[in-house]
1. Can you tell me which residues in the stretch 565-596 are touching a residue at least 12 places away in the same chain (Cβ under 8 Å), over 15 Å from Pro384 (Cα atoms) and open to solvent by less than 10 Å² (accessible area, probe 1.4 Å)?
2. Anything in the stretch 242-279 that is closer than 20 Å to Gly673 by Cα and modelled with pLDDT under 85? List them, or say none.
3. If I ask for residues that are β-branched (Val, Ile, Thr), open to solvent by 30 Å² or more (accessible area, probe 1.4 Å) and touching a Ser or Thr at 6+ places or on another chain (Cβ under 9 Å), which ones from the stretch 289-312 would you list?
4. Of the numbered conditions (1) in a helix (DSSP H, G or I); (2) open to solvent by 10 Å² or more (accessible area, probe 1.4 Å), Glu255 fails exactly one; give the number of that condition.
5. I'd like to check something: does the stretch 560-576 contain any residue that is at pLDDT below 85, touching a helix residue (DSSP H, G or I) at 6+ places or on another chain (Cβ under 7 Å) and in a helix (DSSP H, G or I)?
6. So which residues in the stretch 105-145 are closer than 24 Å to Arg410 by Cβ, acidic (Asp, Glu) and outside any strand (DSSP E or B), if there are any at all?
7. Name the single residue that is farthest from Ser490 (Cα to Cα) among those in the stretch 513-546 being open to solvent by less than 20 Å² (accessible area, probe 1.4 Å) and among the small types (Gly, Ala, Ser).
8. Of the residues Glu125, Glu104, which is open to solvent by less than 50 Å² (accessible area, probe 1.4 Å), within 30 Å of Gly229 (Cβ to Cβ) and touching a Pro at 6+ places or on another chain (Cβ under 7 Å)?
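The values are calculated or read from the model by the stated rules, or taken from the named source; none is laboratory data. What you are looking at is a predicted structure, and each value in this text was computed from that prediction instead of being measured. Here the Cβ positions follow ideal geometry from the backbone for every residue, glycine too, while neighbour counts run over all protein chains shown. Note: accessible area is taken over every heavy atom of the protein model, side chains too, but ligands, DNA and RNA are not part of it. Shrake-Rupley method; radii C 1.70, N 1.55, O 1.52, S 1.80 Å.
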Amino acid sequence: MRAPFTMRAGRWSANHPWLAITVWLCFVAASLVGGSLVGTVKATTQDSLHGELARADRIEQAGAFPEAPAAESVLITARTGDLDLQQARAVAADLLARMRALPEVAKVADPVTSPNRDAVLVEVEMTGLADDADARVGPLLEATTQVQQRYPGLRVEQVGSASLAKALTETLAADFVKAELISVPVALVILLFSFGALIAAGVPVVLALSAVAGAMGLAQFASHIFPAGELVSSIILLIGMAVGVDYSLFYLRREREERACGRDHRSAIKIAAATSGHAVLVSGVAVMVAMASLFLVSDNTFSSMATGSILVVGVAVIGSLTVLPAILVTLGRWVDRPRVPFLGRRIQRAEHSRFWMAVLRPALRAPLATFVLSVGALVIVAVPALEMNLKRPTATDLPRSIPILRTYDRLAQAFPSNKLGTSHLISIRTDVADGPAVERELAKLSTRIKGDSRFAQDRPPTVRRSGDGTVFLATVHVAGASDSSEATQSLRRLRSELLPQTVGTVPDTQWAVAGRTASDVDFRDRMAGALPPVVAFVFGMTFLVMLVTFRSLVVALTSILLNTISVAASYGLLVLVFQHSWAEDLLGFTSNGAIVSWLPLMLFVILFGLSMDYHVFVVSRIREAVQRGVPTRQAIEQGIVSSASTVSSAAIIMVAVFGIFATLSIVEFKQLGVGLAAAILMDATIIRAVVLPSLMRLLGEANWWAPRFLAGRRKTDVTPRGSDADTQVIMAAGDR
């Protein structure tokens, strides 16, 4: 009988360890060097435009309007008490002189005093394109800092699109470094407790880091097809550290377990390759298949995240199946050294764990009651998800620990009309002859807007016309913030009523509404439309992967059911934590009463993939016992108890890595980290140790039912675990 692919891969690596290690190191190095040489193509705004937003962009581009320059604002206020306007104007004069001397500055407006006379504003227009203004805004910030140092009695601070983008980029970079620096030692400490030996603990961490490094390099190549979004690097680190450590942990724990049973080193590696290696391969395929569903969204942000995730999972799987056996053969018994005092030498047999036997007892003795109570508890946790409110974060949702955002708040308070993202941009294209008709209809539109409280009454619409007279850009200001109900309602009225009844009456005229509010509303609508096909794809492909792997229709269906319950419970917990304020002090954020609009879809896909790690690993151990002739009830106990220690260690590492993201500055990362950590924790404990055994106990032998063509193939399986006879069969197959 032909040996399993994973055992053949492990055998080759074990027989050629130094070649396998060298090839792996060359692959990682080539990925990094090659990636740096080809560079990263970063996503632009146009890469994520769809529907009406894309049409608006095409119309605007057809007008060949000069690109709006990046604008910066310098706010001068009193630190305490009333503002001395005379001194503030002197500060503004000094600032004007410094700014006008900079080559990055195209224009500086005269100082403006706020209506309440408590602030003075200096507006600066930068040279060049707005797209790269954040890279050139440094000299302006330095000039502002110099003025501030000269006049310490007043508050002199700068904010604008370029300086805000620069500050956020620096914050994200610092957060990324923080996550990387903390996740590695945390994972190492947990593995030390798991293995009791420094080298054994270090191997999974090193392998995971190398997988992340290799995937980072490959992602740079992939960015030339799917331009890289802002979150790609973070997703690669997040997923890569989690699955990379877990896959190595599964493999290494099985190898140690077999050695503890008296196997020699190479035999233990072959058994681990055929069992845990197979589970790693199936888990990796399940994760990659789930992540591939994001391509159905047809959005570059999701496509780039899917690409990064698939790359890092694929690299982690390859590393676990190839270089890990080579490392274990090379290290030999040194893998268990140096031993950690008090944890050290003893390798406990998981089959003898009294704790997990006690946890399992209710599920085995009273499966129906255990199943109903445990699932009922998870459903209760999931119920708040029905009230989930989605929105894309704005400047008001960013943490005020970033100094420039406190400046933004003071600017918005002193000069309300300077709030960012509070207007709709209407793009109109028509024939030259119809230009006057469009102008008349825009005048009618302006008249109809008057008196509508959803639109800003103190700022009338403004209109720009292209040089050839065929394209018009009208800016309509909103009374509230870009994410307010006023903004959403005004957008819907523009699109459904005002524009069709005015501009829309001009023959052969195209129009579209863009802007921050339009972008948010359209994004939410697109997410709602993408969810059904993504869910259907994930369900269908997961079902096929599990059906082919276990050749059991029941196992495939129950895996989907359990993962769905886990995801739903994590949604409910997210709503409880982030749409309410009770966890604000604990996690260091200010609730905006909503969940980031892209998160539910992304969370569903990631969790459905990652949950397969534990499900495949646990069910594989149960199936091994069944194929050795062990009754299903006893096989459930053996399989879960023998895998519980490994699953617990893997889950703790995942929860710790994901939990680190909950400590980062941006609320999007906090929600992602909490959602993933909570779901993995519930999945590895309640789902795998309570719900799964109780359900399998209820189903009994029906767990393994399958159509005849699958059931017939299952009888030919070789299960590399258990008796000496089983081991001899594996060894014979592996040595052919």
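1. Val596
2. Ala242
3. Looking only at the stretch 289-312, we keep the residues that are β-branched (Val, Ile, Thr), and these are 289, 297, 301, 307, 310, 312.
Those still in the list that are open to solvent by 30 Å² or more (accessible area, probe 1.4 Å) too: 301, 310.
Listed by number, the list holds a single entry, Thr301.
4. Of the numbered conditions (1) in a helix (DSSP H, G or I); (2) open to solvent by 10 Å² or more (accessible area, probe 1.4 Å), the odd one out for Glu255 is (2).
5. Step one: list which residues in the stretch 560-576 are at pLDDT below 85, which gives none.
No, because not a single residue in the stretch 560-576 is at pLDDT below 85, touching a helix residue (DSSP H, G or I) at 6+ places or on another chain (Cβ under 7 Å) and in a helix (DSSP H, G or I).
6. Going through the stretch 105-145, the residues closer than 24 Å to Arg410 by Cβ turn out to be 105, 107-126, 130, 133-134, 137-145.
This time we only want the ones that are acidic (Asp, Glu), so: 110, 118, 123, 125, 134, 142.
Within the stretch 105-145, Asp110, Asp118, Asp134, Glu142 meet the criteria.
7. First, pick out the residues of the stretch 513-546 that are open to solvent by less than 20 Å² (accessible area, probe 1.4 Å): 513-514, 517-518, 520-521, 523, 527, 530, 534, 538, 542, 546.
Filter again for among the small types (Gly, Ala, Ser), leaving 514, 518, 530.
On the way: Ala514: 12, Ala518: 10, Ala530: 25 Å.
Checked the stretch 513-546; the qualifying residue farthest from Ser490 (Cα to Cα) is Ala530.
8. Glu104
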